[in-house]
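Participant: Have a look at this one before I ask anything.
The values are calculated or read from the model by the stated rules, or taken from the named source; none is laboratory data. Computed from a prediction, not measured in an experiment: that's the story for all the values here. Neighbour counts run over all protein chains shown; Cβ positions are idealised from the backbone, glycine included.
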């Protein structure tokens, strides 16, 4: 019955998403209740029956844009106590609820990606991609500093002419550290592939919060990871490599698109990688 309700909510939001406008407090509250129901479904990964989790993942991936205010700053900060918000403001940091909710949802989705059921893990991967797309879009929504208001468009896009709030910086660092750890420390191909795909989604954010040089360093680490993963000798290793190839190609495409120039050696390597399989 709960699974059916979640499926119904997914279809309801597909045809009525325009009814939940930010300016209408009551409708936003109703949407928050829907998010809470989906959020509960995402936390049911340890149960023997996974129909509710599967339906929750489908709803989340389809409507991540609608749910974005609740796993980023707007609603999360509102959910924190006045004492917590005041203390965070005095310290010049973000509300504890902001990064906490984002980190919790990320953990739930990554956990679902490891699920033994192939349908659940597949839907979880779609949900994670939708989540990262929305978080990345939120992270790059920055306002120019007052003294840079009349600067050129190119300068306004630079990290030196925009103010990066502490809450966004903290979430960016959280994501970066989480996926770096998987790339450098995990031996499981699925874990590395997941992290590589995520780093591709964050390419524009890295360019804004750090520098193009840092993005090139990330590209180099991903190339090293791909070389280790695709060093196939047996038929099983070839099959495994081919399964994760789209994630790597997608990540490389996001990163290369964000760079002003691309070394010929990188292009030659990617051509060689594709031809190998």
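Participant: Checking residue 102 against (1) at pLDDT 70 or above; (2) surrounded by fewer than 19 Cβ atoms within 10 Å (Cβ to Cβ); (3) assigned to a helix (DSSP H, G or I); (4) in contact with a helix residue (DSSP H, G or I) (Cβ under 7 Å, 6 or more places away or on another chain), which test does it fail?
Facilitator: Of (1) at pLDDT 70 or above; (2) surrounded by fewer than 19 Cβ atoms within 10 Å (Cβ to Cβ); (3) assigned to a helix (DSSP H, G or I); (4) in contact with a helix residue (DSSP H, G or I) (Cβ under 7 Å, 6 or more places away or on another chain), only one is false for residue 102: (2).
Participant: Considering 80, 58, which residue is buried (at least 16 other Cβ atoms within 10 Å of the Cβ), in contact with a helix residue (DSSP H, G or I) (Cβ under 7 Å, 6 or more places away or on another chain) and at pLDDT below 80?
Facilitator: Answer to the check: 80.
Participant: I would also like to ask the following. Condition test on residue 223, is it part of a helix (DSSP H, G or I), modelled with pLDDT of 85 or more and closer than 28 Å to residue 142 by Cα? Before the answer, list the steps.
Facilitator: Numbers: part of a helix (DSSP H, G or I): yes; modelled with pLDDT of 85 or more: yes; closer than 28 Å to residue 142 by Cα: no.
So residue 223 fails the test.
Conditions tested, residue by residue: (1) at pLDDT 80 or above; (2) within 29 Å of residue 212 (Cα to Cα).
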residue: 240; (1), (2): no, no
residue: 244; (1), (2): no, yes
residue: 251; (1), (2): yes, yes
residue: 255; (1), (2): yes, yes
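Participant: Quick check: anything in the range 263-274 modelled with pLDDT of 85 or more and assigned to a loop (DSSP other than H, G, I, E, B)?
Facilitator: Yes, the range 263-274 has at least one match.
Participant: Still on this structure, please answer the following. Provide a single number: the residues in the range 156-179 that are closer than 18 Å to residue 212 by Cβ and modelled with pLDDT under 90.
Facilitator: 8
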